[in-house]
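The values are calculated or read from the model by the stated rules, or taken from the named source; none is laboratory data. It should be emphasised that the depicted structure is a prediction, and the values quoted were computed from it without experimental measurement. Don't worry about glycine lacking a Cβ; one is built from the backbone with ideal geometry, like all the others, and counts go over all protein chains shown. In case anyone asks, the SASA skips ligands and DNA or RNA and just uses the protein heavy atoms, side chains included. Shrake-Rupley method; radii C 1.70, N 1.55, O 1.52, S 1.80 Å.
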Amino acid sequence: MSFDFVARPIRVGQIVPSSNTTMETEIPALLRARELVAPERFTFHSSRMRMKKVVKEELEAMDRDSDRCALELSDAKVDVLGYACLVAIMSMGLGYHRQSQARLQLATETNGNAAPVVTSAGALIEGLHAMGMKRVSVICPYMKPLTKLVVDYIEHEGVEVKDYVALEIPDNLAVAAQNPANLLEIYQRLDRSGIDGIVLSACVQMPSLPSIQKVQDASGIPTLSAAVATTWQMLKQLNLPTHIPGGGALLSGRY
């Protein structure tokens, strides 16, 4: 076997909860699909924060650990850094993604290896705005109180949530074990009248990637997820085209 020399790939760093098993599969899967149609190549690097139960107390403790993770990833000179826990950010208060992004980016700068920082919470908001969405329906795996925090956060950013489904799964590994094919049925429970988009998974731990394009095609409604939005925002921060086949409307290359 021979290996051809290639220029240094783009290094994608992720800050992930210790029990997250999805973002290190879905984001690489999307960017590997992009490699089939574009010249850039990627490698993937992670640092973890302890969290097992998706409850506010554990989320707050986990968020405090994100600064350490940013430093560790900046040691590797990553080109972009993603904070891969939407509800941790949204549970910390309205608009908190801006504060988190600024703080973590400063951590990379003071370490001498500045890298743009994306949060999955901020990426979802920015993705909805980029697509011009004013009203959406949302699926979350969280318990209802945390789901309501997510709904309030999205609405505070100027996007109405017409309807939502809360699957009420407190254990983070159980969230990751959900079959994404089930979303083809679950999304039909949503009130979809008059909406601009479907957020098929407002959680980077609940797998949805195999169903994004299928739900969009079946419903005729632009469909995205937190993982799709995070990938889109990473590409934007890297000044790269945002077309990824099968990634739904946000990754069509139009935004």
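Compared with the direct C-alpha span, the chain from ASP217 to LEU240 gains 5.7 nm at full extension, assuming 0.36 nm per residue. Within a straight-line Cα-Cα reach of under 13 Å, LYS77 can be paired with the following aspartates and glutamates, leaving aside sequence neighbours fewer than 8 residues apart in one chain: GLU109.
Beyond 21 Å in Cα-Cα separation lie the following of the pairs LYS53/LYS214; LYS134/LYS162; LYS144/LYS236: LYS53/LYS214; LYS144/LYS236. Its relative contact order, with pairs defined as Cα atoms under 8 Å and 6+ residues apart, puts the chain at 21 percent.
Ligands, DNA and RNA left out, the 1.4 Å accessible surface of the chain is 53% carbon and sulfur atoms.
Projected over all directions and averaged, the alpha-carbon convex hull of the chain occupies 13.3 nm².
Remark on TYR83: its backbone amide H falls under 5 Å from those of ILE15, VAL118, THR119, SER120, a criterion applied only to residues 5 or more positions apart or on other chains, H modelled at 1.01 Å from N. Orientation-averaged projection of the range 1-123 equals 8.5 nm² [convex hull of Cα atoms, one quarter of hull surface area]. Here the calculated FRET efficiency for LEU36 and ASP191, from their Cβ-Cβ distance with R0 = 45 Å, stands at 0.75, rounded to the nearest 0.05.
Spin-label model, ASP67/MET143: points 7 Å from Cα along the beta carbon direction are separated by 2.9 nm. Taken over the range 182-228, the percentage of Cα pairs per 5 Å bin, counting from 0 up to the bin with the maximum distance, is 5, 24, 37, 25, 8, 1. Accessible area per residue for the chain is 41 Å², calculated with a 1.4 Å probe on protein heavy atoms, without ligands, DNA or RNA.
In a DSSP loop and with at most 15 other Cβ atoms within 10 Å, the trypsin sites (Lys or Arg not before Pro) in the range 72-161 are LYS134.
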